[in-house]
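The values are calculated or read from the model by the stated rules, or taken from the named source; none is laboratory data. Please read these numbers as outputs of a predicted model, since none were measured by experiment. With ideal geometry, Cβ positions are generated from the backbone for all residues, glycine too; neighbour counts draw on all protein chains shown.
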Amino acid sequence: MSERRQRTAPSERDRPPEAARKGSARPSSRTGGDGPPVPDLIPPRPTIASVREAAQGCRACDLYKRGTQTVFGEGPRRAQVMLVGEQPGDAEDVAGHPFVGPAGRLLDRALEEAGIDRGLVYVTNVVKHFKWEPRGKRRIHAKPNAAEITACRPWLETEIVLVKPRILVCLGATAAQALLGRAFKVSQQRGRFVSSSLAPLVTATVHPSSILRAPDDAARHLEMTRFVADLKKVAAELE
Ligand code: SF4
């Protein structure tokens, strides 16, 4: 049987943008936010530009207190491919753009090797603020919790509704489990297309930062090869 599966559920991408405003989960008090929930911030008849602007003032969870700024997704408004990571990193937090740090540069190389034009890809994250813990003078990545992911999710849902990607790729376990369910195991299910209402074709692979954390050059090379192989499956589906 082909790895490619047909979607069976009504598509998230076919929902009117207003649905993301009204139908999404509201932040729980555990997020510590002191602003309105995200659905209340999404403008009527949203566009990517107006939603990006609205997200700049988001205080729906307490991550806004730690991050420098909201880092919203970027890419063509009708991108065929949307890549979804976990959250902006240190460099992205400072620059205000997604995937511009070391992991982003590795992603650029992998996309090129896979034959995917980065300029045709929309890149974003499930959480739009950098969550970090101090370690000396450094800011160390901290994993967002379920309440923070839930609070932020309507921004991503709105991006998906507006961009309508044909192929959605989750990068790493946080994105995959947020979008495909907590039972999803990237280590076992990476590189396969799965049935989802998010887009006609949905798949997952590792986050490029995990390749940077490989223990040595040999492991890094192997992981990069596997990452590019997963992205080549995406490239094969491009129209
Ligand atoms: S992480 Fe998301 S929900 Fe939380 S403040 Fe930032 S943009 Fe808003």
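Pick out the one residue from ALA147, ALA151 that is assigned to a helix (DSSP H, G or I), hydrophobic (A, V, I, L, M, F, W, C), surrounded by fewer than 19 Cβ atoms within 10 Å (Cβ to Cβ) and in contact with a helix residue (DSSP H, G or I) (Cβ under 7 Å, 6 or more places away or on another chain).
On the way: ALA151 fails: surrounded by fewer than 19 Cβ atoms within 10 Å (Cβ to Cβ).
None of the others qualify; the one that does is ALA147.
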Requiring at least 1 residues that are farther than 18 Å from GLU157 by Cβ, over 13 Å from the mean Cα position of the chain (by Cα) and modelled with pLDDT of 95 or more, the strands (runs of 3 or more DSSP E) wholly within region 45-139 are 132-135
Scan region 219-229 and give yes if some residue there is out of contact with any Cys (no Cβ under 7 Å at 6 or more places or on another chain), under 19 Å from ARG105 (Cβ atoms), crowded, with 21+ Cβ neighbours inside 10 Å and modelled with pLDDT of 95 or more, otherwise no. yes
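Residue-wise test of (1) touching a residue at least 40 places away in the same chain (Cβ under 8 Å); (2) surrounded by 20 or more Cβ atoms within 10 Å (Cβ to Cβ); (3) at positive phi.
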site	(1), (2), (3)
ASN125	yes, yes, no
GLU159	yes, yes, no
LYS185	no, no, no
GLN188	no, no, no
ARG192	yes, no, no
SER197	yes, no, no
LEU201	yes, yes, no
LEU238	yes, no, no
Helices (runs of 4 or more DSSP H) fully within region 167-224 counting 2 or more residues that are under 16 Å from the mean Cα position of the chain (by Cα) and not acidic (Asp, Glu): 173-180, 208-212
Hey, any hits in region 99-107 for a residue that's of a type in the set (D, E, K, R), free of Cβ contacts under 8 Å to residues at least 24 places away in the same chain and surrounded by fewer than 24 Cβ atoms within 10 Å (Cβ to Cβ)? yes
Please count how many residues of region 74-96 are touching a helix residue (DSSP H, G or I) at 6+ places or on another chain (Cβ under 6 Å) and closer than 21 Å to GLY33 by Cα. 1
Unique match (being more than 18 Å from ARG77 (Cα to Cα), in contact (Cβ under 8 Å) with a residue 24 or more places away in the chain and surrounded by fewer than 17 Cβ atoms within 10 Å (Cβ to Cβ)) among HIS141, HIS129: HIS141
Before we move on, is LEU83 crowded, with 17+ Cβ neighbours inside 10 Å, touching a Ser or Thr at 6+ places or on another chain (Cβ under 9 Å) and under 23 Å from GLU223 (Cβ atoms)? yes
Within the bounds of region 151-163, is there any residue that is more than 13 Å from the chain's Cα centre (by Cα), of a type in the set (D, E, K, R) and within 16 Å of the ligand (Cβ to nearest atom)? no
